Amino acid sequence: MMTEFLRIFLPVYFLVFIAAAFGYRIYITWKRTGLKPYFLGKPDSVHGIMGVLLIIGVLSCLAVALIYSFSPLLYQSFGPIAAMQRTDLNLLGMFLLLVSLAWIVTAQAQMGASWRIGVDENQKTDLVTTGVFRFSRNPIYLGMAVTLIGLFLVLPTSMTLSLLIGGIATIHLQILLEEQYLQKKHGQAFVTYTKKVRRWI
């Protein structure tokens, strides 16, 4: 019963996730500002490499969900962790997936016109410190990390564990790059903010 439900839930979830957290937000920000709200940098730059890794991470989550749903034999090659094949963990994972998406969409909405993907040195956005940004300096990335945890609990395999570890490491490096930019652009205001609010939570 749970397996059949997950085979429908997971692909739908990640398609909605990509549409809501990326497609819709890119469109809304572009309409409000008239500017391209994403900047991945040159392919051979640090920003470019990080941008590619983040895209690969998101698409990998979708790929795992699709393979689980439509190719059970191939999914077995991902190394399912038998001890974690439990309904309570599945339910907890689904809860985290839903909460993380709501959290990410909320944080993006609260960023408003300041929301961007990547770092564009030629643009200066307002420093957002209100709403969920009172609790985390990087609530969107926090939400993405929780998404990876949720996926691992729903589909505990060696593959999703690798995505979890690699994804959080990549997100943390991206945070460091973006915080360097924010300190450069906002100076003391950002330094003061970092003393009041933690990087993650």
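Each residue in segment 119-144 was checked for being farther than 10 Å from Leu97 by Cα and part of a helix (DSSP H, G or I), and 8 of them qualify. Arg32 passes every criterion in (1) within 23 Å of Leu97 (Cβ to Cβ); (2) touching a residue at least 60 places away in the same chain (Cβ under 8 Å) apart from (1). Scanning segment 107-126 for residues that are surrounded by fewer than 15 Cβ atoms within 10 Å (Cβ to Cβ) and either of a type in the set (D, E, K, R) or at pLDDT 95 or above (or both) returns Ala109, Glu121, Lys124, Asp126. All conditions but one from (1) farther than 27 Å from Val99 by Cα; (2) at pLDDT 90 or above; (3) not hydroxyl-bearing (Ser, Thr, Tyr) apply to Phe14; the one that does not is (1). Figure legend. Inter-residue proximity from segment 82-93: first residues of a type in the set (S, T, N, Q), second residues surrounded by 15 or more Cβ atoms within 10 Å (Cβ to Cβ), beta-carbon distance below 6 Å, spacing 6+ or different chains. Indicated pairs: Asn90/Val154. Scan segment 23-69 residue by residue and report those that are more than 21 Å from Glu121 (Cα to Cα), touching a helix residue (DSSP H, G or I) at 6+ places or on another chain (Cβ under 8 Å) and not aliphatic (A, V, I, L, M). The answer is Gly57, Ser60, Cys61, Tyr68, Ser69.
So in segment 75-113, with the set limited to residues that are assigned to a helix (DSSP H, G or I), out of contact with any helix residue (DSSP H, G or I) (no Cβ under 9 Å at 6 or more places or on another chain) and of a type outside the set (D, E, K, R), which one is nearest to Ala65 (Cα to Cα)? Show your work before the answer.
Applying the first criterion (assigned to a helix (DSSP H, G or I)) to segment 75-113 yields 75-76, 82-84, 87-113.
With the extra rule that they be out of contact with any helix residue (DSSP H, G or I) (no Cβ under 9 Å at 6 or more places or on another chain), the set shrinks to 76, 82-83, 88.
From the residues that got through so far, the ones that are of a type outside the set (D, E, K, R) too are 76, 82-83.
Numbers: Gln76: 13, Ala82: 18, Ala83: 20 Å.
The residue in question is Gln76.
Looking only at segment 32-66, filter to residues that are among the aliphatic types (A, V, I, L, M) and over 18 Å from Thr147 (Cα atoms); which one of those is surrounded by the most Cβ atoms within 10 Å (Cβ to Cβ)? Checked segment 32-66; the qualifying residue surrounded by the most Cβ atoms within 10 Å (Cβ to Cβ) is Met50.
Within segment 38-95, being farther than 20 Å from Gly167 by Cβ and of a type in the set (Phe, Trp, Tyr) holds for Phe39, Phe70. Exactly one residue among Leu142, Leu182, Leu101 is surrounded by 15 or more Cβ atoms within 10 Å (Cβ to Cβ) and closer than 20 Å to Ala63 by Cα, and that residue is Leu101.
The values are calculated or read from the model by the stated rules, or taken from the named source; none is laboratory data. Since we're looking at a predicted model, the values are computed, not measured. Every residue, glycine among them, receives a Cβ derived from its backbone with ideal geometry; neighbour counts consider all protein chains shown.
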